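Step one of this worksheet: look at the structure below.
The values are calculated or read from the model by the stated rules, or taken from the named source; none is laboratory data. It should be emphasised that the depicted structure is a prediction, and the values quoted were computed from it without experimental measurement. Here the Cβ is made from the backbone with ideal geometry for all residues, glycine too, and neighbour counts use every protein chain on show.
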Amino acid sequence: MQRFSIATIGSEWSKLAGYLLALLRIVAALMFVVVGSAKLFAFPFALGPGGHVPYFSELGLAGALEFFGGILVLLGLYTRPLAFLLSGEMAVAYFQAHFPKGFWPMTNGGLSAVLYCFLWLYFSAAGAGAWSLDSRRRK
């Protein structure tokens, strides 16, 4: 009979880190793609009475970064540079759209912008993890 301890459970669990990193990347990128899709194509929901945002506008650029950048990060392709770019986009979104409404992200509506900013910043350093085209390109 095998004995389990906190140390053995922790070491076994840590072996999954690359896969959990990939799962976090995939889910976060998928949510990001949905927001970009709503901005660009009014799918799966419209952002207002006009549907999509004007393509040649700042929100249109944000939607393109979120949709196309999100798809590439979802696939794990060019994850580090794209995640760095997307982190910057979220910082700009926070300071331009949310921070003027107040300091605290919970009250100014910027909670997801802050979270995505630091999530993408982490991926820019950590990479895509397992299940990525980046890992296949290195082989």
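Considering L86, L40, L82, the condition of being crowded, with 19+ Cβ neighbours inside 10 Å, over 23 Å from L121 (Cβ atoms) and not acidic (D, E) is satisfied by L40 alone.
Conditions tested, residue by residue: (1) in a helix (DSSP H, G or I); (2) among the β-branched types (V, I, T); (3) surrounded by fewer than 14 Cβ atoms within 10 Å (Cβ to Cβ).
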{"residue": "M90", "(1), (2), (3)": "yes, no, no"}
{"residue": "A93", "(1), (2), (3)": "yes, no, no"}
{"residue": "Q96", "(1), (2), (3)": "yes, no, yes"}
{"residue": "P100", "(1), (2), (3)": "yes, no, yes"}
{"residue": "T107", "(1), (2), (3)": "yes, yes, yes"}
{"residue": "V114", "(1), (2), (3)": "yes, yes, no"}
{"residue": "L119", "(1), (2), (3)": "yes, no, no"}
{"residue": "G129", "(1), (2), (3)": "no, no, no"}
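Contact map, segment 45-65: residues that are surrounded by 13 or more Cβ atoms within 10 Å (Cβ to Cβ) paired with residues that are modelled with pLDDT under 80 and among the hydrophobic types (A, V, I, L, M, F, W, C), Cβ distance under 7 Å, separation 6+ or inter-chain. Pairs shown: V53/L47. Just name the residue that is nearest to the chain's Cα centre (by Cα) out of those in segment 1-15 that are surrounded by 10 or more Cβ atoms within 10 Å (Cβ to Cβ) and of a type outside the set (G, A, S). Within segment 1-15, the match that is nearest to the chain's Cα centre (by Cα) is W13.
On the given criteria, is V73 touching a Pro at 6+ places or on another chain (Cβ under 7 Å) and either surrounded by fewer than 19 Cβ atoms within 10 Å (Cβ to Cβ) or β-branched (V, I, T) (or both)? Can you show your working first?
Numbers: touching a Pro at 6+ places or on another chain (Cβ under 7 Å): no; either surrounded by fewer than 19 Cβ atoms within 10 Å (Cβ to Cβ) or β-branched (V, I, T) (or both): yes.
Against the criterion (touching a Pro at 6+ places or on another chain (Cβ under 7 Å) and either surrounded by fewer than 19 Cβ atoms within 10 Å (Cβ to Cβ) or β-branched (V, I, T) (or both)), V73 does not qualify.
Cβ-Cβ distances below 7 Å connect the following pairs, each with a first residue in segment 86-109 that is over 30 Å from G76 (Cα atoms), a second residue that is at pLDDT 95 or above and loosely packed, with under 14 Cβ neighbours inside 10 Å, and a separation of six or more residues or different chains: K101/G109; N108/K101; N108/G102. The set of residues in segment 43-88 that are among the polar types (S, T, N, Q) and assigned to a helix (DSSP H, G or I) comprises T79, S87.
Going by the structure shown, is H98 farther than 24 Å from D134 by Cα and modelled with pLDDT of 95 or more? Yes; evaluated as a whole, the condition is true for this residue. If you go through segment 16-33 and keep only what is more than 11 Å from the chain's Cα centre (by Cα) and surrounded by 15 or more Cβ atoms within 10 Å (Cβ to Cβ), you end up with G18, L21, A22. Flag set for F68, criterion: aromatic (F, W, Y), at pLDDT 95 or above and under 22 Å from P44 (Cβ atoms). Can you find even one residue in segment 19-27 that is farther than 26 Å from A97 by Cα, among the charged types (D, E, K, R) and in a helix (DSSP H, G or I)? Scanning segment 19-27, I find no residue that is farther than 26 Å from A97 by Cα, among the charged types (D, E, K, R) and in a helix (DSSP H, G or I), so the answer is no.
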